Amino acid sequence: MRREGSALRGLGVVTLKELSDHMTSARMRVLEWLVVLVALAAVYAAITQVRDVTAEDPFLFLRLFTTAREPLPSFTAFLGFLVPLMAIGLGFDAVNGEHSRRTLSRILSQPIYRDALLFGKFLAGLATLSVSLIVLWLITIGLGLIMLGVPPGAEEMARAFIFLLVTIAYAGVWLALAMLASILFRSAATAALVTLGFWLFITLIWPALSPAIVTAFVPSNDEATLVIAAQSLARLSPSTLYGEAVMAILHPATRTLGPVYVSQLEGAVMGSPLSLWSSVMVAWPQIVGLIAASILLFVGGYVAFQRQEVRA
């Protein structure tokens with residue numbers, strides 16, 4: 001039977017309803033305060049450290065995001081760890097929660113297709129994460145202006161804005177993964193545990209395991225080949241892709257994210273910053289990888305959701 005009208009009919013209604021639920025939920029408020037308080041502690045520590053740096057540094061403001069002070073890591077390191085928690089907290093019961101409340105069949109009995117329902121839930125979750133990250137980004141910029149007393153340059157603001165967009169794309173990967181788990185597992189607790197377990201494995205264990213896998217299975221004695229293979233394998237982790245993209249954007253002197261060859265250093269002044277466009281080109285494969293991972297995970301969830309049977 002052919003369906004009538006657009007497959008995305010009702011998308012706006014679903015998105016607004018889910019967005020309202022997210023913004024008013026106690027779960028989201030707890031996650032937001034957790035991220036804000038921890039990240040602001042890292043920013044404050046970075047500001048006290050950056051004050052010792054000469055104001056002649058052309059990228060002084062970017063140090064707010066990258067400077068660490070013991071015992072706290074940098075602001076970007078905190079986001080790399082806490083953003084997945086926020087995304088998983090929003091998406092692990094997106095679909096199986098409807099099953100457990102027996103509301104899914106009621107929703108789909110309305111003139112709303114599954115396409116609009118799933119896409120609306122994803123857009124609402126991503127919009128919620130984006131609003132939270134934008135507010136946190138603005139707070140960080142404001143604290144830097146007040147406590148450093150040095151206004152950022154145009155290129156610094158452009159790099160900081162690109163960093164924000166990359167962080168939103170990174171959050172989209174984990175949101176899509178959490179929604180995939182919520183479709184595959186009817187129990188919300190199981191979906192949360194599976195997603196958190198996968199996050200811990202792919203973030204903490206996989207980068208350390210990659211060199212051992214390459215050494216065991218790649219028949220080569222060339223050290224450069226082994227390093228490149230291990231790095232490529234480690235980039236299956238979204239956290240690795242995010243960390244490399246952030247390094248290229250927020251550290252203008254970064255010329256490559258892989259092994260450095262002599263040909264890449266010809267005519268280059270060591271320590272000199274790259275232009276904004278050159279830094280974006282260095283990070284472009286990692287940015288595309290994050291976006292592609294979000295799309296693939298969402299498509300996987302979409303296919304699984306379309307094949308599921310919905311019972312009253």
Self-check item: Using alpha-carbon coordinates, inclination of helix 276-307 to the longest axis of the chain, degrees
Solution: 20
Quiz prompt | Check: region 11-307 dipole with +1 on Lys, Arg Cβ and -1 on Asp, Glu Cβ, in debye | solution = 1140
Quiz item: With Cβ to Cβ distances under 11 Å as the rule, what net charge do the other residues near A248 carry (K, R +1; D, E -1)?
Solution: +1
Quiz item: How large is ³J(HN,Hα), in whole Hz, for each residue of region 27-35 in order, when computed from phi with the Karplus curve 6.51 cos²θ - 1.76 cosθ + 1.60 and θ = phi - 60°, using x for Gly and Pro?
Solution: 4, 5, 5, 5, 5, 4, 5, 4, 5
Quiz item: Quick one: longest stretch of the chain between exposed loop GluC sites (Glu not before Pro), exposed meaning at most 13 other C-beta atoms within 10 Å and loop per DSSP?
Solution: 57-265
Quiz item: Just in region 54-156: which trypsin sites (Lys or Arg not before Pro) are loop by DSSP and have at most 16 other Cβ atoms within 10 Å?
Solution: R101, R102
Quiz item: Under the classification rounded if a/c is under 1.5, otherwise prolate if a/b is larger than b/c and oblate if not, where does region 85-125 fall, given a ≥ b ≥ c as square roots of the Cα gyration tensor eigenvalues?
Solution: oblate
Exercise. Classify region 181-254 as rounded, prolate or oblate from the Cα gyration tensor: take a ≥ b ≥ c as the square roots of its eigenvalues, call it rounded if a/c is under 1.5, otherwise prolate when a/b beats b/c and oblate if not.
Key: oblate
Quiz item: Once both axes come from the Cα atoms, what is the angle between helix 11-24 and the longest principal axis of the chain, in degrees from 0 to 90, rounded to 10?
Solution: 70
Quiz prompt | Probe 1.4 Å, protein heavy atoms only - accessible area per residue of region 30-169 in square angstrom | solution = 43
Quiz item: What's the angle, to the nearest 10 degrees (0 to 90), between helix 223-234's Cα axis and the longest principal axis of the chain?
Solution: 30
Self-check item: Relative contact order for the chain, counting Cα pairs under 8 Å that sit 6 or more residues apart, in percent
Solution: 22
Self-check item: Candidates M86, M147, M157: whichever shows maximal mean-square fluctuation once the chain is modelled as a Gaussian network with Cα springs under 10 Å
Solution: M147
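Rounded to the nearest 500 deg cm²/dmol, what is the calculated helix-only ellipticity per residue at 222 nm for the chain, with -39500 (n - 2.57) per DSSP H run of length n ≥ 4?
Computed ellipticity for the chain at 222 nm equals -23500 deg cm²/dmol.
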Quiz item: What relative contact order, as a whole-number percentage, does region 51-203 give when Cα pairs under 8 Å and 6 or more residues apart are counted?
Solution: 40
Self-check item: Computed magnitude of the charge dipole of region 110-238 (debye, nearest 20; Cβ of K, R +1, Cβ of D, E -1)
Solution: 500
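The values are calculated or read from the model by the stated rules, or taken from the named source; none is laboratory data. Being a predicted model, the structure only gives us computed values, none of them experimental. Using ideal geometry, Cβ is built from the backbone for each residue, glycine included, and neighbour counts are taken over all protein chains shown. Accessible surface areas use protein heavy atoms only, side chains included; no ligands, DNA or RNA. Shrake-Rupley method; radii C 1.70, N 1.55, O 1.52, S 1.80 Å.
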